[in-house]
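The values are calculated or read from the model by the stated rules, or taken from the named source; none is laboratory data. No experiment lies behind these values; they were computed from the predicted model shown. These area figures cover heavy atoms from the full protein model, side chains too; ligands, DNA and RNA do not enter into them. Shrake-Rupley method; radii C 1.70, N 1.55, O 1.52, S 1.80 Å.
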Amino acid sequence: MELEEIIQQRKDKLTAWEATGKAYQSAPGDREEIGPLLKDFPEGKKVVFAGRLTAKRLHGKVVFADLRDSSGKIQLYVKSDFVGKDNFSAFDSLDIADFISASGELFKTHTGEPTLKLEAFTLLAKALRPLPEKWHGLKDTETRYRQRYLDLVSNEEVKKVFLARSQIVKAIRDFLDTKGFVEVETPMMHSIPGGAAGRPFKTFHNEYSMQLFMRIAPELYLKRLLVGGMDKVYEINRSFRNEGISTRHNPEFTMLEVYQSYSSCQGMMRLVEELVVSLAEKTLGGLKLNYDGKEIDLSLPWKVVSFAQVVKEKFGILPEDTAEKMLQKLHAHNLSKESTKLTRSQIAKVIEEVLEKDMSFNPVFVTDYFTHLSPLAQSKTDNPNICERFELYIAGMEVGNAYSELNDPIEQKRRFEEEIKEQEAAENKSVDEDYCLALEHGMPPAGGLGVGIDRLVMLLTGQTSIRDVILFPLLKKREVG
């Protein structure tokens, strides 16, 4: 039967239900969840359930059906002797995917199947379109993402990933709350984009006639709170970057950012180790996981690699090199096809992409980044060209980033001005004078940590595409015609 015919048949059935005044009823206030009752099944108990019909089987004068809610599934036993002749016909006319409430008595069949002997039911919602036939109707990846609700209905494993994500985020909060950190919220619309490298999305506030930017990171607002005396803060935030899309990048993503006064890059290293180990033990029950066909061992200690040393050995690049000199050395190793001038930040991205390919699957801290590439990080006292920063890689994928935070307002302003000199004209950045003003009131030495929650969830749930851990990833508009 064609889809249009199926839809029309279901609409006709809905019209018949509406004529009785019994379509789209309210959910019963005394409903119970199916799952908890299945664990300690109380035979003989009168209950009310509500859920979606997922199967229906006619056996002579009896209908067996499956009713599912988010907690579990139970079989319905429907017989005209219990519901009446008219109601039996009405139940038989229901379609798979309809939502109903069902009341009756619990019992077990002779095969031990937990079952509800139906005594009354109501139609809560009519499904005018059929669900995919098990998984066969959702082989198309794009359809899975565009119609995630069908993906969740059709594939229990997909639902488990997103339930796991929720538990991981909760565990992150529990971990930080226990350590005395305070969760805060900072603005998502910024007058000046800052706190990270990235191209922002622009928006406009009509009342103030003011251009604003969706935040690329919450860092500068969170560090203002350190100035204000909130010594341990974190935010699980939505950030936005108007850049490419890949299996590891979505323009809208979730970050954890943590800031602690009187801590440092080393302090953040210990914190993220403890956090990831704690999450793995809670989620996986151990420190070994399989990801993309390889085993990852999260056992401590984690390897530490010097960025400055690696790029010197591999490419001859030094932290004091100009952008032109760095580009020449990349050309000598056939790593860049660009013949025009690039900023040192852009060159660093090329280098990091190369290094990622050689990265161990086990956790690796990459330290000793060039100060020029890290305008918000404190320089090392023994080498001002190297800063106190690390990036954490697991499975060759950047998962975290941390600094000993720069708290010198004069040096911070100088670095902002230097960064602006190197920017592309189209970026139109400016110095965040308000942040510099905050630093002038004194910010204690601090450590700051950012962790990509989407990527962390990918690792802990074994997903190799970021779209499989984001419920509604950004997609191109569907072409018509």
DSSP beta bridges in region 267-392, what fraction antiparallel, as a percent rounded to 5? 70 percent
Surface accessible to a 1.4 Å probe, per residue, for the residues of the chain, Å²: 52 Å²
With every protein chain in place, the accessible area of T54 for a 1.4 Å probe, in Å² rounded to the nearest 10, comes to 60 Å²
Please work out how much accessible surface T203 shows to a 1.4 Å probe, ignoring ligands, DNA and RNA, in Å² rounded to 10. 50 Å²
Before anything else, pin down the relative contact order of region 142-234: Cα pairs under 8 Å, at least 6 apart, normalised by residue count, whole percent. 23 percent
Just report the Cα centroid separation between region 364-387 and region 270-291, whole Å. 28 Å
Could you sort Y369, Y24, Y208 by accessible area so the largest value comes first, with the probe set to 1.4 Å? Y208, Y24, Y369
Quick one: Karplus J couplings for region 441-454, per residue in order, coefficients 6.51, -1.76, 1.60, θ = phi - 60°, nearest Hz, x for Gly and Pro? 8, x, 10, x, x, 8, x, x, 9, x, 10, x, 5, 4
Shape descriptor, region 162-283: equivalent ellipsoid semi-axes (Cα gyration tensor, sqrt 5λ, whole Å, largest first) stand at 27, 19, 13
Could you name the lysines in cross-link range of K421, using Cα to Cα under 29 Å and dropping any fewer than eight places away on the same chain? K202, K223, K312, K314, K325, K329, K337, K341, K349, K380, K413, K429
Can you list residues whose amide H is under 5 Å from I386's amide H, if they're 5+ apart or on another chain and H is modeled 1.01 Å from N? T371, K380
A377 long-range amide H proximity, modeled H, under 5 Å: L406
For region 148-162, what does the Karplus curve 6.51 cos²θ - 1.76 cosθ + 1.60, with θ = phi - 60°, yield as ³J(HN,Hα) per residue in whole Hz, taken in order and with x for Gly and Pro? 4, 4, 6, 4, 5, 5, 7, 10, 5, 5, 5, 4, 4, 4, 6
For region 341-481, what's the relative contact order in percent, using C-alpha pairs closer than 8 Å and at least 6 residues apart? 18 percent
quick note, the chain, DSSP beta bridge pairs, % antiparallel (nearest 5) is 90 percent
Binning every alpha carbon pair distance of region 346-481 at 5 Å from zero, what are the percents per bin? 2, 9, 14, 16, 16, 15, 13, 9, 4, 1, 1, 0, 0
Just the number, please: carbon plus sulfur as a percent of the accessible area of the chain, 1.4 Å probe, no ligands or DNA/RNA counted. 50 percent
From the phi angles alone, apply the Karplus equation (6.51, -1.76, 1.60; θ = phi - 60°) to region 209-225 and give each ³J(HN,Hα) in whole Hz, x where the residue is Gly or Pro. 6, 9, 6, 10, 10, 5, 5, 8, 5, x, 3, 5, 6, 5, 6, 4, 5
Computed Rg/Rh for region 223-284 (Cα atoms; Rh = Kirkwood radius) stands at 1.06
When every alpha-carbon pair in the chain is counted, what percent end up more than 41 Å apart? 37 percent
Counting only the heavy atoms of the protein chains, how much of M268 is accessible to a 1.4 Å probe, in Å² to the nearest 10? 0 Å²
